[in-house]
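Q: Dumping the structure here so I can ask a few things about it.
The values are calculated or read from the model by the stated rules, or taken from the named source; none is laboratory data. No experiment lies behind these values; they were computed from the predicted model shown. Backbone-built Cβ (ideal geometry, glycine too); neighbour counts: all protein chains shown.
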């Protein structure tokens with residue numbers, strides 16, 4: 001995801017990202033470990049099978065990102081609570097939540113602005129390992145990346161700020177909420193990247209985000225998208 005209205009490269013990410021997997025399904029954990037071990041620039045530093053272990057290992061291993069299952073069979077805290085505790089201790093650690101729930105209430109419980117750096121993916125529809133890698137890097141850079149199933153089919157509430165957006169601006173904002181950078185949005189909508197930048201600037205103006213720093217504006221725009229839409 002690009003910063004602000006440009007498609008600049010991600011910043012502030014170490015050359016080698018230390019990744020912790022918190023997943024109690026052995027098949028999923030094994031598949032993730034095997035696939036991510038082949039990705040250049042990522043180092044798997046450990047795995048946990050409950051929330052408490054995830055919090056402890058994130059601290060002990062100085063994890064840059066945690067892939068977090070939302071539900072654990074064992075332990076006393078779920079993935080959401082574990083993620084919140086990790087963010088409290090290590091605000092810059094990116095969290096990639098793997099969930100079976102597309103309900104927006106789960107996303108709304110996350111401090112997306114106060115402690116940025118979240119991705120929320122659905123286990124059953126993750127298309128490939130590249131999506132998880134993109135989520136890791138987006139979360140580490142303080143971005144928000146939401147599964148398409150969470151945001152698809154949503155329409156602006158009447159009299160909301162989103163209702164002032166043009167249909168094209170709304171489409172651009174939806175792709176922003178899904179974690180696409182400007183170049184990828186341009187490809188999806190068959191537009192020039194400069195046109196996407198223009199649409200994003202218009203979105204920020206309509207939502208009152210023009211004066212916000214680039215990443216912060218992008219995150220807040222995604223949150224407005226969640227808060228001011230509804231299923232038709």
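Q: Restricting to the range 202-222, count the residues that are crowded, with 16+ Cβ neighbours inside 10 Å, at pLDDT 90 or above and outside any loop (DSSP other than H, G, I, E, B).
A: Going through the range 202-222 one residue at a time, the tally reaches 11.
Q: In the range 114-135, which residue that is out of contact with any strand residue (DSSP E or B) (no Cβ under 8 Å at 6 or more places or on another chain) and surrounded by 13 or more Cβ atoms within 10 Å (Cβ to Cβ) is farthest from residue 229 (Cα to Cα)?
A: Taking the range 114-135 and keeping what is out of contact with any strand residue (DSSP E or B) (no Cβ under 8 Å at 6 or more places or on another chain), we get 114-115, 124-125, 127-130.
Filter once more, keeping what is surrounded by 13 or more Cβ atoms within 10 Å (Cβ to Cβ): 115, 129.
Values: 115: 23, 129: 29 Å.
Across the range 114-135, the extreme among qualifying residues is 129.
Q: Next up: Kindly establish whether residue 142 is surrounded by 16 or more Cβ atoms within 10 Å (Cβ to Cβ) and within 30 Å of residue 41 (Cβ to Cβ).
A: Yes, satisfied.
Q: Also, quick follow-up: Out of the residues in the range 96-113 that are in contact with a strand residue (DSSP E or B) (Cβ under 7 Å, 6 or more places away or on another chain) and within 20 Å of residue 224 (Cβ to Cβ), which is surrounded by the most Cβ atoms within 10 Å (Cβ to Cβ)?
A: 107
Q: Mind checking which pairs have a first residue in the range 58-81 that is in the same structural domain as residue 120 (by TED's automatic domain parsing) and a second that is surrounded by fewer than 16 Cβ atoms within 10 Å (Cβ to Cβ) and modelled with pLDDT of 95 or more, Cβ under 7 Å, 6 or more apart or different chains?
A: Within 7 Å, the pairs are 59/89.
Q: Take residue 137 and tell me if it is closer than 30 Å to residue 85 by Cα, within 11 Å of the chain's Cα centre (by Cα) and either in a helix (DSSP H, G or I) or not assigned by TED's automatic domain parsing to the domain that holds residue 58 (or both).
A: yes
Q: Residue under question is residue 98, and the condition is that it be at pLDDT 90 or above, within 20 Å of residue 151 (Cβ to Cβ) and either in the same structural domain as residue 69 (by TED's automatic domain parsing) or assigned to a helix (DSSP H, G or I) (or both); does it hold?
A: yes
Q: Is it fair to say residue 112 is under 30 Å from residue 212 (Cα atoms), in a loop (DSSP other than H, G, I, E, B) and in contact (Cβ under 8 Å) with a residue 60 or more places away in the chain? Walk me through it before giving the result.
A: Details: under 30 Å from residue 212 (Cα atoms): yes; in a loop (DSSP other than H, G, I, E, B): yes; in contact (Cβ under 8 Å) with a residue 60 or more places away in the chain: yes.
So residue 112 fits the description; yes.
Q: Any idea which residue in the range 164-185 is nearest to the chain's Cα centre (by Cα), counting only those that are assigned to a helix (DSSP H, G or I) and touching a residue at least 60 places away in the same chain (Cβ under 8 Å)?
A: 176
Q: How many of the residues in the range 186-201 are assigned to a loop (DSSP other than H, G, I, E, B) and either surrounded by 24 or more Cβ atoms within 10 Å (Cβ to Cβ) or touching a helix residue (DSSP H, G or I) at 6+ places or on another chain (Cβ under 7 Å) (or both)?
A: Residues in the range 186-201 being assigned to a loop (DSSP other than H, G, I, E, B) and either surrounded by 24 or more Cβ atoms within 10 Å (Cβ to Cβ) or touching a helix residue (DSSP H, G or I) at 6+ places or on another chain (Cβ under 7 Å) (or both): 1 in total.
Q: State yes or no: is residue 92 at pLDDT below 95, surrounded by fewer than 21 Cβ atoms within 10 Å (Cβ to Cβ), under 15 Å from residue 136 (Cβ atoms) and within 15 Å of the chain's Cα centre (by Cα)?
A: Yes.
Q: Does residue 22 satisfy the condition of being more than 19 Å from residue 138 (Cβ to Cβ), in contact (Cβ under 8 Å) with a residue 12 or more places away in the chain and in contact with a strand residue (DSSP E or B) (Cβ under 8 Å, 6 or more places away or on another chain)? Spell out the reasoning first.
A: Working: more than 19 Å from residue 138 (Cβ to Cβ): no; in contact (Cβ under 8 Å) with a residue 12 or more places away in the chain: yes; in contact with a strand residue (DSSP E or B) (Cβ under 8 Å, 6 or more places away or on another chain): yes.
No.
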